[in-house]
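The structure under discussion appears below in the form of structure tokens.
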Amino acid sequence: MSFSKIKFDKKIVLSFWIILIALIIAAPTLLPVFRLNLLGRYLSLSIVALGVDLIWGYTGLLSLGQGIFFALGGYCAAMYLQITSSSEFPNNIPEFFALYGVEKLPFFWEPFRSPVFTFFAIWIIPALVAGLIGFLVFRNRIKGVYFSILTQASLLVFFNFFNGQQKLINGTNGLKTDVTELFGQMVGSESMQRLFFWVTAILVIASWFFAKWVVKGRFGNILIGIRDDEPRVRFTGYNPVIFKTIIFSIAGGLAGISGALYTVQSGIVSPQFMTVPFSIEMVIWVAVGGRGTLLGAILGAVFINYAKSLVSEALPASWMFIQGGLFILVVTALPEGVLGWMQGDGPRNLLQRFGLKRKIETYPSLEVNNKEGNNE
Amino acid sequence: MNNNDLLNLIDITVSFEGFLALNKLNLNLEKGELRAVIGPNGAGKTTFLDVITGKVKPTKGEVIFKGKSLVGRKEHKIARLGVGRKFQSPRIFENLTVKENLEISVTTPKSPLNLINKSIKGEQLNEIERLLKIVNLAQKVDSKAGSLSHGQKQWLEIAMLVGQKPDLMLVDEPVAGLTDEETDLTADLLKSLSGENTVVVIDHDMEFIRRLDSNVSVLNQGTVLCEGTMETIQKDKKVIDVYLGRPED
């Protein structure tokens, strides 16, 4: 019964939402802007984690390359911000081009002058790239560990390509966004950061509902079917390639949104978003939070990252050990993650360990029979 | 081969790196027929199903189903043409409920858009109710399929097979691990399905095959050794030699 859900009372659910919304509205005034900005960044990371949960937790596709789509979203946002804020630079193109003697804007920058194009590009471009990679991989029935290796290899290809393209996208230095302007205000300014926090909070909730909608009902059941027994799904008349491509594409789109939000709140996008450890961390957030729970992915991303910044402030250089330990702990002791453990039999088993009796689930009829048996 | 045939296997050869799992196998199935396939271990029974369902591509030979060749088609396309398969050990989706398992099988069309957009049709819900009654799982409808007993899992998989409405049902060892009573019920169920559907049953259990009261094909070393009623094949000298065993002298 590993995936059973606790049914909460409606009142509890309602009060949970009221508290949550109140916190989101109040956070920008309660928290100092530094902390608020951190929280906003970690919330945006929870969107990419939702995507990881969809493809890994539900569909069984362990992608170690979500950084690709995350970075693509970030680059889309940064390109728009750079180009719309470049009027005072030579040739009216972003400043960094001058360093490499580029005088004409590369063609693919042109569409990013349009806010509408950018708005769609942030999620559609990563979704298309993910869909293409996914389709080619899934059509050839590459799965399991080979899929993971392939996604990681793709990540390295993208990383190296972006790193080397100084003349196109400023290569390893990345694109800065904090000194660009949006709506006539500096992106790195306090008021803009506050706005981004709210946008992020809303998008996290929206993405969460979207992901819930995707996995509810028969579509989600097919995803679980593919995870548990793909040939069986095939012999029942479904084409798993299409389903896997769609969900991988959705995860790519979510990663793109996440990357864009993260970029505007951290002030820069660079190929560092496509390093191997970062994409593995995304998987760890979901593993710790709880695979196949969606909410676990959000909580995992936010809490682990917050812990990371708190620990790093107190004990620099120790975080990697703690994160590694956390992962080992989850894999060995809580294979379903913290939320999965709470929703399953975990708490009851723990109570039992402390001497509290656990009610045994049984059929009422069996108990009746037992009584009869005693009478005989 | 005649017009009334649903399936023709013509000279099917499957070679796994030189090992001939099937060797020039010929087999014809009439519409509405119930056919039992028996054979010793390694005779090629499961490979025979793999070839029909598209899991294994034959090295040589032709599979004709409803006048169309199945060779080279993808598994899900073959399934949509009307070939359903039940696996040897029950393969159901253990993390889904009984109802969700059946929903997956009865849903048509099986496209992502249909699944994500629309809710299940009323007639399909009725079909699920009907199937639940047939296999006696109505009370377990919202239980996780993984929590069912072995026999119930076998039955759920049979219900999923029926729900797919295939013209050809391939049933691999449906009574493995079932009690005698369940075995009898399964035999009756399969018999009642034939006529409207064409059913191929693979099994070792002689009592069960006898109860099916159908034509029997005996496979040995990848080829059909003998075909006929249970009485005929039991008297066949070749069959006795390779499978049933010679009485002790």
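The values are calculated or read from the model by the stated rules, or taken from the named source; none is laboratory data. Nothing here was measured: the structure is a model prediction, and the numbers come from that model. Don't worry about glycine lacking a Cβ; one is built from the backbone with ideal geometry, like all the others, and counts go over all protein chains shown.
Please specify each residue of region B:79-105 satisfying the condition of being buried (at least 24 other Cβ atoms within 10 Å of the Cβ), among the β-branched types (Val, Ile, Thr) and either over 14 Å from A:GLY217 (Cα atoms) or more than 8 Å from chain A (Cβ to nearest Cβ) (or both).
Those that are buried (at least 24 other Cβ atoms within 10 Å of the Cβ), among the β-branched types (Val, Ile, Thr) and either over 14 Å from A:GLY217 (Cα atoms) or more than 8 Å from chain A (Cβ to nearest Cβ) (or both): B:VAL83, B:ILE92, B:VAL98.
Picking from B:SER119, B:SER69, which residue would you name as being of a type in the set (Ser, Thr, Tyr) and within 13 Å of chain A (Cβ to nearest Cβ)?
B:SER119
State which residue is surrounded by the most Cβ atoms within 10 Å (Cβ to Cβ) when the search covers only region A:241-272 and only residues that are of a type in the set (A, V, I, L, M, F, W, C) and within 14 Å of chain B (Cβ to nearest Cβ).
Filtering region A:241-272 for residues that are of a type in the set (A, V, I, L, M, F, W, C) and within 14 Å of chain B (Cβ to nearest Cβ), the one surrounded by the most Cβ atoms within 10 Å (Cβ to Cβ) comes out as A:PHE248.
If I filter region B:133-152 down to residues being under 22 Å from A:TYR238 (Cα atoms) and part of a helix (DSSP H, G or I), which single residue comes out as farthest from the other protein chains (Cβ to nearest Cβ)?
Applying the filter and picking the extreme gives B:ALA145.
Can you report the number of residues in region B:174-217 which are hydroxyl-bearing (Ser, Thr, Tyr) and within 19 Å of B:ASP236 (Cα to Cα)?
2
Select from region B:220-246 the residues that are in contact with a helix residue (DSSP H, G or I) (Cβ under 6 Å, 6 or more places away or on another chain) and of a type in the set (A, V, I, L, M, F, W, C) and list them in ascending order.
B:LEU225, B:CYS226, B:MET230, B:ILE233, B:VAL239
Could you tell me whether region B:153-166 includes any residue that is more than 14 Å from every other protein chain (Cβ to nearest Cβ) and not in a strand (DSSP E or B)?
yes
Would you please list the contacts, defined by Cβ atoms under 6 Å and residues six or more apart or on different chains, that run from a residue in region A:224-235 that is more than 7 Å from every other protein chain (Cβ to nearest Cβ) to a residue that is outside any helix (DSSP H, G or I) and of a type outside the set (Phe, Trp, Tyr)?
A:ILE226/A:THR59; A:ARG227/A:THR59; A:ARG227/A:GLY60
Taking B:SER111 as the residue in question, decide whether it is surrounded by fewer than 22 Cβ atoms within 10 Å (Cβ to Cβ) and either more than 27 Å from A:PHE210 (Cα to Cα) or within 11 Å of chain A (Cβ to nearest Cβ) (or both).
In short, yes.
Inspect region A:21-41 for any residue being closer than 30 Å to B:THR97 by Cβ and touching a residue at least 60 places away in the same chain (Cβ under 8 Å) and give the result as yes or no. Reasoning before the result, please.
First, pick out the residues of region A:21-41 that are closer than 30 Å to B:THR97 by Cβ: none.
No, region A:21-41 has no match at all.
Can you pull out the residues in region A:38-86 that are outside any helix (DSSP H, G or I) and either touching a helix residue (DSSP H, G or I) at 6+ places or on another chain (Cβ under 7 Å) or modelled with pLDDT of 95 or more (or both)?
A:THR59, A:GLY60, A:LEU61, A:LEU62, A:SER63, A:LEU64, A:GLY65, A:SER86
Starting from residues that are assigned to a loop (DSSP other than H, G, I, E, B) and within 18 Å of the chain's Cα centre (by Cα), keep the ones in region B:11-41 and report whichever is surrounded by the fewest Cβ atoms within 10 Å (Cβ to Cβ).
Narrowing region B:11-41 to residues assigned to a loop (DSSP other than H, G, I, E, B): B:17-18, B:31-33, B:39-41.
Subsequent filtering for residues that are within 18 Å of the chain's Cα centre (by Cα) retains B:31-33, B:39-41.
Details: B:LYS31: 16, B:GLY32: 14, B:GLU33: 20, B:GLY39: 23, B:PRO40: 15, B:ASN41: 6.
Per the criteria, the residue is B:ASN41.
Quick one: A:ARG291 ticks every box in (1) out of contact with any Ser or Thr (no Cβ under 9 Å at 6 or more places or on another chain); (2) more than 9 Å from every other protein chain (Cβ to nearest Cβ); (3) part of a helix (DSSP H, G or I) except a single one, so which number is it?
(3)
Given the conditions (1) modelled with pLDDT under 90; (2) within 14 Å of another protein chain (Cβ to nearest Cβ), and given that A:PHE8 satisfies all but one, which numbered condition is not satisfied?
A:PHE8 satisfies all of (1) modelled with pLDDT under 90; (2) within 14 Å of another protein chain (Cβ to nearest Cβ) except (2).
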